[in-house]
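Encoded as structure tokens, the structure appears first; notes follow it.
Here, each number is a calculation from the coordinates, and none is a lab measurement. Given the structure is predicted, the values throughout are model-derived calculations rather than measurements. Note that we place each Cβ from the backbone using ideal geometry, even for glycine, and neighbour counts take in every protein chain shown.
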Amino acid sequence: MLKKNNNLLAFLVLSVFLSMFIIFVVPTEAIVLVDENYNDLSNGQALPGWTVGVFAQNQEFKSPSMGAKVTTNIPFAYRDFPLTQGIIIVEVWMKPKMGSDTNNGLRLGNYLTGKNDAGDYNNGRILFWKNDQDKWWYDNGAGEPVFIADYDGNWHHFKVVYDTSTNKHDLYMDGSLVKTDIPCPVDLSAGISAVGLNSGRWGRYPDTTSYFDDLKVYTSEITVVIDIKPGSDPNAINPNSKGVTPVAILTTPELDASTVDPLSVKFGPAGATEVHKQGHIEDVDGDGDLDMVLHFKTQETGIKVGDTEACLTGKTVDGNDIKGCDAVVTVPSKGKPAPAKQNRLGPQGKLSTVWGKIKER
Ligand SMILES: [Ca+2]
Ligand SMILES: [Ca+2]
Ligand SMILES: [Ca+2]
Ligand SMILES: [Ca+2]
């Protein structure tokens, strides 16, 4: 009986873990800069790799059975990583202390101009926070707070998708987009090298206690497997056709195709968009999972006679960039595939894009 209960417990724990993993999976080929769940630390232990004011704790956690707490207001507690340019994604679960004595926010920055007297990076900025009125805010880039939501005292998931080439970021809360292209008042175009958290209002360290868990920092990269003209191989395309070309985005361990935003997808060198303004969800390759089929007007794709590959780009609903390519064989208007142009990639092409670039210190 005891063994049975243990098995049940293990199953429940595993189920909770897997459900979280599925919802907020890090793309497998991303460059991971920080990936911390604190599960293997001991209660009260100072977090390795951080400045002062953050500790492992077993009271509140999002992944079993340990989380972390931040107990410093000024300066923030910082976790450094290699200076990185490109698309940098930060994900974290946060559970701030309720009430008027606690602000709890997340800051990004770099070491390039050092730290101020208080110990915060000069070249850094708080991007969002819970304030002393128990409301969530983000900075509009001009130093003005913009209301996101009331704070209910529960755990919330935040995701920042920062593009150092534009110095803007997209912000997501609990998987929903809050705002795209939020400018940053400090210039982080040279790269980001630190994430910081704070908790409190009045004091320097130590101040009040807020909780966090499952902190991840990584660069954007999702490999998408697409199948141009599903079921056909080679993928013969007549660039002069007035018809449509179907393209399937296949579900893989790295991607649930149903999470792709069909309106964000562009196909071919000219970036054709979906004819029906929607994705069609079906198991197009018969492997038991649901894929997304999109249709593009062939003449809008920009595919030219002689092209041997066509690519698709887009975004998932929670903001990750996707890209995938597949082989094509163009046919002249009269009909047959041009000879000797084999589809060397087979029916399903594969290509990934690395957005991040790591600089050595
Ligand atoms: Ca944890
Ligand atoms: Ca095909
Ligand atoms: Ca599949
Ligand atoms: Ca499938």
Subset of K69/K97; K69/K315; K97/K179 violating a 22 Å alpha-carbon distance limit: K69/K315; K97/K179
Proximal aspartates and glutamates to K277, defined as alpha-carbon separation beneath 12 angstrom and excluding residues fewer than eight positions away on the same chain: D261
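Tally Lys and Arg at +1 and Asp and Glu at -1 over the other residues with C-beta under 12 Å from the C-beta of T71: what net charge comes out?
Counting the neighbours of T71, the net charge comes to +2.
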Set of aspartates and glutamates near K95 by C-alpha distance (under 17 Å), chain-local residues within fewer than 8 positions excluded: E36, E60, D132, D134, D150, D152, D174, D207, D213, D214
Packing-based order for 185-193, 283-291, using average beta carbon neighbours within 10 Å, highest first: 185-193, 283-291
Alpha-carbon centroids, region 94-151 and region 215-253: separation in whole Å: 40 Å
Label-point gap, in nm, between T313 and I74 - each point 7 angstrom along Cα→Cβ: 4.4 nm
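How much net charge surrounds P239 when only other residues with a Cβ under 10 Å from its Cβ are counted (Lys, Arg +1; Asp, Glu -1)? Don't jump to the answer; show the numbers that get you there.
On the way: positive: K304; negative: D307.
Summing Lys/Arg as +1 and Asp/Glu as -1 gives 0.
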For region 183-192, 3J(HN,Hα) per residue [Karplus equation, 6.51 cos²θ - 1.76 cosθ + 1.60, θ = phi - 60°, Hz, x = Gly/Pro]: x, 10, x, 9, 8, 10, 5, 7, x, 10
Subset of K266/K323; K229/K297; K62/K323; K62/K115 violating a 21 Å alpha-carbon distance limit: K62/K323; K62/K115
Net +/- balance of residues flanking N167 in space, Cβ distance below 14 Å, scoring K and R +1, D and E -1: -3
